[in-house]
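The values are calculated or read from the model by the stated rules, or taken from the named source; none is laboratory data. Keep in mind that this is a model prediction, so the values were computed, not measured. Neighbour counts are summed over all protein chains in view; Cβ atoms, including those assigned to glycine, are modelled from backbone coordinates with ideal geometry. Protein only, heavy atoms only, side chains kept; ligands, DNA and RNA dropped before computing areas. Shrake-Rupley method; radii C 1.70, N 1.55, O 1.52, S 1.80 Å.
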Amino acid sequence: MGQTRARGFRDKLAMRTRARAAAIPCPEFVHALNHQAIADWTQRIPPPWVLKPRSQAAAIGIRKLASHDELWRTLEQLGDAQADYVLEQFVPGDVYHVDSISFEGRIRFAMASRYRMPPMAVAHEGGIFVTSTLPPSDTAAAPLHALNEQVLASFQLGLGASHTEFIHARDGSWLFLETSARVGGAYIVDVVEAATGVNLWREWARTEIAGEGGSYELPPVREDQAGIVLSLARQEWPDTSAYQDPEIVSRIRRSHHAGLIVSSARPERVGALLDDYVGRFRTDFHASAPPPERPLD
């Protein structure tokens, strides 16, 4: 894709501007540049606010600000770099994601999932990362798929993978958070494959190889459910051998990380296992570290 279209998938300010133009509901926002515009915006939108780098992925560099004093102090510290940030309304609620494969401008595969704790809270509060797929019968599934279609059509993703996040606010409204023209991180690819048999990396490659004017057919899709529990660990190579449930399909092997992926035809079984593992992980492995301000080398 060209640079103009790509900015909508990379630049959080461009995302917000494009979503607003397409009448896609999203949190209130302002570019962290013009101080008068920021002052006017903060008079209208009460704290807390979220200051986000426009071009970083995940929760890297995000700051939650609780007061006007904290906001202006932070902007002063950023100096000229504040132009690289967008200031957003903080909206409490449950955060979901939809992971998709598109071809010829049409979504060919999409899986909706729910984070147990918002990724920003995991990064800033030292939580345990948990996400699990949603069965089609879940009340959140239909609005998520509809919003995902609206976002990807408006942003003109022709082909490839996408990872798009939404929040279900406390007032019942659905809001667009952000999107990206890539697969999701934190082993989400593995979770989707455990539930459906579809590997998002492989299908992304297949759509790219087919290219414009080519043909692409999605492989057979299973309809199981899956989820992951993932934590920083005190041990360099944590031992998860005490976890022996037959639903475990993958064990994460990464320094100072403990993680398990489970899969079952029954969503309630996946939920019960993840709930159990979160408690056990806190005792057996859990450690926390401050979030990085920039990507790690």
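Overview of results
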item: Order by protection proxy (mean Cβ within 10 Å, highest first), peptides 221-234, 27-40; result: 221-234, 27-40
item: Correct choice for percent of Cα pairs over 23 Å apart that was computed from the model, options (1) 58; (2) 67; (3) 49; result: (1)
item: Dipole axis of the stretch 163-273 (+1 Lys, Arg; -1 Asp, Glu on Cβ), positive-most option in ILE167, ALA181, VAL191; result: VAL191
item: The stretch 57-187, dipole about Cα centre (Lys/Arg Cβ +1, Asp/Glu Cβ -1), debye to the nearest 20; result: 380 debye
item: Value at 222 nm in deg cm²/dmol, rounded to 500, when DSSP H runs of n ≥ 4 in the chain each add -39,500 (n - 2.57); result: -10000 deg cm²/dmol
item: 3J(HN,Hα) from dihedral phi, the stretch 33-43, Karplus parametrisation 6.51/-1.76/1.60, rounded to Hz, x for glycine, proline; result: 10, 7, 5, 5, 5, 5, 4, 5, 5, 6, 6
item: Gyration tensor (alpha-carbon) shape descriptor, the stretch 202-245, a/c threshold 1.5; result: prolate
item: Computed accessible area, SER173, all protein chains, 1.4 angstrom probe, square angstrom; result: 40 Å²
item: Rounded to the nearest 10 Å², the accessible area of ASP171 at probe 1.4 Å; result: 130 Å²
item: Simple label model, 7 Å out from Cα along Cβ direction - ARG234 to ALA39, nm; result: 5.1 nm
item: Mean Cβ neighbour count within 10 Å, used as a protection proxy, ranking 254-261, 201-208, 71-78 highest first; result: 254-261, 201-208, 71-78
item: Virtual spin-label span in nm between ASP80 and GLU149, 7 Å along Cα→Cβ; result: 4.7 nm
item: Normalised contact order of the chain, rounded percent, pairs of Cα under 8 Å and 6 or more residues apart; result: 17 percent
